[in-house]
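The values are calculated or read from the model by the stated rules, or taken from the named source; none is laboratory data. As the structure is a computational prediction, the values presented were derived from the model and not from experiment. We place every Cβ from the backbone using ideal geometry, glycine too, and count neighbours over all the protein chains shown. What goes into the accessible areas is simple: the full protein's heavy atoms, side chains included, and nothing from ligands, DNA or RNA. Shrake-Rupley method; radii C 1.70, N 1.55, O 1.52, S 1.80 Å.
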Amino acid sequence: VYWDDIKILPITEVTKEKTTKFIVLNENKEEEYPTRLYLGQKTQFVVRIENREFETVNYTLQVKLENEVLKTENIRLKHNSAWEKKISIIPNAIGDLLRLEFVLYKESEKYKQFDLWVSCEVDYENLEVLENYSTTPPQIKNGGFEGYGYWLRDENGNFKWERTKEEAYNGTYSYKIGQSGSLNAGDFAYIVQKAKVDKPGFVFLSFAVKDNYDGENLGLIKRVLINDKVVWEDDIGGNEGWVVQKIPVFVEGVFRLKLGIYSTKYIKEMENNVYFDDIRLEGVKI
Ligand SMILES: [Ca+2]
Ligand SMILES: [Ca+2]
Ligand SMILES: [Ca+2]
């Protein structure tokens, strides 16, 4: 028997399946993925591409966050060869449910895709990154209360309001919000101003606040909100004097700034007053 006469095709030739293996792993090469990312901070993944297409292929790998391309790699691979690389991305969006896509193109055609849902937030321990995502701050009008107008009121409960000379951090006047009767849980009194940025980004919100109560915590809270999200609060309890706060806030389009007081429980009639002054938005410079 001459084996030479018998033609045996290699198995791969018979079941010739053209394919590309596209694998996305975390930086330790595990199939476990980060779900929480931080704005401006590098996150790494390992991407592996194996060409089993029986021909040389030009691939393009794109990593996108919310449809914006963060990274592009062009890879030319021969049949039966593999490419593996650590890919670093720097998230540039903020949100709870963002789509992070790894898209593989084969000769410019979309071919394979791997998606992750991630949250991306601000790491307030690492403020240098804010500078890269800053925006031009709009002007807060009459933020020092030396003039009149521009502020609206939003209230529920027994409060009194007044532009006053009793206290001032800057200039002659501040704005007073005081109790004018007993309060119930959930009562609030805020001054409100709308502002607008052309481009989403960070600005510093700066304000001075004082109250006339120095006893134990009372459940009456000084609060500052942006779009109804609390960005700063403190119980009027304690002898704080004028407190000047400078807080990084992320703003987008038209936003609403609120400063005032909020009652977390029943509070009997007392002469509690809170004063705000020198309310400003500033550019981010670290
Ligand atoms: Ca003032
Ligand atoms: Ca106090
Ligand atoms: Ca306090």
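For S263, state whether it is buried (at least 20 other Cβ atoms within 10 Å of the Cβ) and either at pLDDT 95 or above or more than 13 Å from ligand 3 (Cβ to nearest atom) (or both). Judged against the criteria, S263 is a match.
When residues in the stretch 266-280 are screened for being assigned to a strand (DSSP E or B) and open to solvent by 20 Å² or more (accessible area, probe 1.4 Å), 2 of them pass. Residue check: V251 meets all listed conditions (1) within 16 Å of ligand 3 (Cβ to nearest atom); (2) modelled with pLDDT under 95; (3) open to solvent by less than 10 Å² (accessible area, probe 1.4 Å) but one, namely (1).
Tallying residues that are part of a strand (DSSP E or B), surrounded by 15 or more Cβ atoms within 10 Å (Cβ to Cβ) and more than 10 Å from ligand 2 (Cβ to nearest atom) within the stretch 211-244 yields 7.
Screening A189, A208, A185 for residues that are farther than 30 Å from E128 by Cα, in contact (Cβ under 8 Å) with a residue 12 or more places away in the chain and open to solvent by less than 10 Å² (accessible area, probe 1.4 Å) leaves exactly one candidate, A189.
Checked against (1) out of contact with any Asp or Glu (no Cβ under 7 Å at 6 or more places or on another chain); (2) loosely packed, with under 13 Cβ neighbours inside 10 Å, T172 meets all criteria but (1).
Within the stretch 146-175, the set of residues being of a type in the set (K, R) and under 32 Å from the mean Cα position of the chain (by Cα) comprises just one member, R153. Please specify each residue of the stretch 227-248 satisfying the condition of being aliphatic (A, V, I, L, M), touching a Leu at 6+ places or on another chain (Cβ under 9 Å) and within 13 Å of ligand 3 (Cβ to nearest atom). Of everything in the stretch 227-248, just one residue is aliphatic (A, V, I, L, M), touching a Leu at 6+ places or on another chain (Cβ under 9 Å) and within 13 Å of ligand 3 (Cβ to nearest atom), namely I236.
Among the criteria (1) within 16 Å of ligand 1 (Cβ to nearest atom); (2) open to solvent by less than 70 Å² (accessible area, probe 1.4 Å), the one A195 does not fulfil is (1).
Before we move on, is N142 away from ligand 1 (no atom under 16 Å from the Cβ), surrounded by 13 or more Cβ atoms within 10 Å (Cβ to Cβ) and over 30 Å from K42 (Cβ atoms)? The answer is no for N142.
Selection over the stretch 145-169 of residues that are open to solvent by 70 Å² or more (accessible area, probe 1.4 Å) and free of Cβ contacts under 8 Å to residues at least 12 places away in the same chain gives a count of 1.
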